[in-house]
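So the structure is just underneath, and the comments pick up after that.
The values are calculated or read from the model by the stated rules, or taken from the named source; none is laboratory data. As the structure is a prediction and not an experimental result, all values here were calculated from the model. Glycine also receives a Cβ, built like all others from the backbone with ideal geometry; neighbour counts cover every protein chain displayed. Quick note on the areas: whole protein, heavy atoms, side chains included, nothing else; ligands and nucleic acids left out. Shrake-Rupley method; radii C 1.70, N 1.55, O 1.52, S 1.80 Å.
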Amino acid sequence: MSKPVAGHDVVVVGGGHNGLVAAILAASGGQSVLLLERSPHLGGATLGEPVFAGRPTRLSRYSYLVSLFPDDLAAELGIALPLASRITSSYTPTVRDGHASGLLVERSPGAATEASFAALTGGASEFRAWQQLYGELAAMAAALAPHLRGPMLRRTQVQKRVIGAAGQQLWTDLFEQPLSEMLLRRFADDTVRGIVATDALIGTFTSLTDESLLANRCFLYHLIGRGTGEWQVPIGGMGALSDALWERARAVGVQIRTNFSVDAVTETAEGVVVTGETVRGGRLNFPAAYLLAAVAPVVLDGWRGVDSVKPVGSQLKVNMLLDRLPQLASGIDPAIAFAGTMHLEEGYEQLEQAYRASAAGEVGEHLPSEVYCHSLSDTSILNGERAHTLTLFGLHTPRRCSKQTRRGPLVR
Ligand SMILES: Cc1cc2nc3c(=O)[nH]c(=O)nc-3n(C[C@H](O)[C@H](O)[C@H](O)COP(=O)(O)OP(=O)(O)OC[C@H]3O[C@@H](n4cnc5c(N)ncnc54)[C@H](O)[C@@H]3O)c2cc1C
């Protein structure tokens, strides 16, 4: 038998950053709030941990960069959100005609970026096309970002704003046709196409040619945050954000219960009853006027008895702790190359081949991945260690392929 527990105005299920934000806003508005979390810790995918046994360095196992958390939300929540800009946007090692080189994109592309494009592509047109696209994207980001916290815009309202700020071509390229068309038309170089394309693939599992435009949606999320599309490093690691949210939630009176897994929700005349299990197997009911479900849609569907397909994760993440950063054959300073996103095997064709192979349940010839060093932008995560962190993010690696292995160095 489940035991009823005194009612709350709001029950929030899920103690990730979205659940914490919702709980703080509701409690700050005078509601009595109970937050239920399945795991022993709050933070969900933002949790920062000492992930290397016996070492004090703290890193997140999942999310690591911030772009979609607006400053005005942090201010309204009453938390500090210190962020650092990375000096490099990306570096892509290349080997052409047996010659090791690489494409550097600075955070604000200037002379070094222009020279790097010219050396790789043998002319000025790819850099011009890059500046054109990212200029249009910046105008779109500035026009759309202020609406991310307001009532959701209709498609026609978004269309008006995008065309007004960035022009008809960008609207067509991003909202009306698969992203592949824009990449193939605007750029001639496979490496350059791939670098642009990765923002459409990180966090999703699809082809750039897919008519559903899933890749386009992913691209938009990556390009409009904070009105600039810049992804910044949270000082203290992503865990510092979840710690700040957790402390604020307690300060505004949110009641928190961890180690409690919700498995059913019943609608009543007064609102809802949320039911679940403690780690010891005890069953409890929590009545409330409102439920805020800060969990994946498939979890909510399960409580409501709706059949839905559980998505398969398609990304691989490896956290490393190194005595020193690897040297690159191109001779670039590793402190520049690893400060941003380093793209490995992420040419346009390699990305498409890897998707086709993994969609067929196989590990392809290429393992597109990106590598990034958090400690170059923020040494505080090292907690005094003389080391560097490296994080590898592998694309198109669904779990069903995980029994297969592929040997070989990822970084030369
Ligand atoms: C490898 C990886 C890297 C990523 N990198 C970034 C990044 O750099 N930047 C970025 O912005 N985004 C990144 N993301 C995406 C980001 O992590 C998610 O968008 C974000 O975590 C969603 O937050 P959330 O609070 O909605 O969910 P979550 O963080 O997933 O939290 C959900 C919480 O609900 C709890 N829960 C689930 N079911 C129940 C239940 N039945 N009862 C009680 N509790 C339950 C879970 O334990 C969890 O704590 C990344 C994602 C992954 C997987």
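Comparing Cα centroids, segment 324-342 and segment 55-98 end up 17 angstrom apart.
Rounded to whole numbers, the Karplus 3J(HN,Hα) couplings from phi for segment 295-310 are 10, 4, x, 5, 5, 4, 4, x, 5, 8, x, 8, 6, 8, 8, 6 Hz, using 6.51 cos²θ - 1.76 cosθ + 1.60 with θ = phi - 60°, and x at Gly and Pro. Across all C-alpha atoms in segment 196-239, the radius of gyration and Dmax reach 12.4, 40 Å.
Compute the length gained on full extension between ASP190 and ARG55: take 0.36 nm times their separation in residues and subtract their Cα-Cα distance, giving the result in nm to one decimal. Write out the running numbers ahead of the final one.
On the way: separation 135, 0.36 × 135 = 48.60 nm, distance 4.06 nm.
Between ASP190 and ARG55, full extension yields 44.5 nm more.
Dimensions of segment 255-412 based on its C-alpha atoms, expressed as ranges along the principal axes with the largest first, amount to 68, 45, 26 Å.
How far, in degrees from 0 to 90, does helix 214-224 lean away from the longest principal axis of the Cα atoms of the chain, to the nearest 10? Roughly 90 degrees between the two axes.
For segment 56-109, the normalised intensity computed at q = 0.12, 0.18 Å⁻¹ comes to -0.53, -0.86 (log10 of I(q)/I(0), Debye sum over alpha carbons, equal scatterers, no solvent). Note on the chain: Cα-only Rg and Dmax are 22.9, 74 Å. Taking every C-alpha pair closer than 8 Å and separated by at least 6 residues, the mean separation divided by the residue count of the chain gives a relative contact order of 24 percent.
If you put +1 on each Lys and Arg Cβ and -1 on each Asp and Glu Cβ, how big is the dipole of the chain around its Cα centre, in Debye rounded to 20?
Numbers: 36 positive and 39 negative charges, 167 e Å.
Dipole magnitude for the chain comes out near 800 debye.
Computed from Cα positions, the angle between helix 111-121 and the longest principal axis of the chain comes to roughly 70 degrees. Sorted largest first by accessible area at a 1.4 angstrom probe radius, with every protein chain in place, the residues TRP303, TRP171 fall in the order TRP303, TRP171. Highest mean packing first, where packing is the average number of other Cβ atoms within 10 Å per residue, the peptides 184-191, 29-36, 289-296 line up as 29-36, 289-296, 184-191.
When the Cα convex hull of segment 208-333 is projected onto planes of every orientation, the mean area is 14.9 nm².
Give me the orientation-averaged projected area of the Cα convex hull of segment 1-133, in nm², one decimal.
Numbers: hull surface 60.6 nm².
Over every viewing direction, the Cα hull of segment 1-133 projects on average to 15.2 nm².
Per residue, the convex hull spanned by the Cα atoms of segment 166-222 measures out at 75 cubic angstrom. Projecting the Cα atoms of GLY48, PHE117, LEU184 onto the dipole axis of the chain, where Lys and Arg carry +1 and Asp and Glu carry -1 at the beta carbon, places GLY48 farthest toward the positive end. Computed from Cα atoms, the angle from the helix 17-28 axis to the main principal axis of the chain rounds to 50 degrees. Computed on protein heavy atoms with a 1.4 Å probe, the accessible areas place HIS147, HIS222, HIS41 in the order HIS41, HIS147, HIS222, largest first. Each part gets one Cα centre, and for segment 351-398 versus segment 143-176 those centres are 31 Å apart.
Couplings 3J(HN,Hα) for segment 44-50, derived from phi with the Karplus relation 6.51 cos²θ - 1.76 cosθ + 1.60 (θ = phi - 60°), are x, 6, 9, 4, x, 9, x Hz, where x marks Gly and Pro. For every other residue with a beta carbon closer than 12 angstrom to the beta carbon of ALA112, add +1 if it is Lys or Arg and -1 if Asp or Glu, then tell me the sum. So the surrounding residues net to -2.
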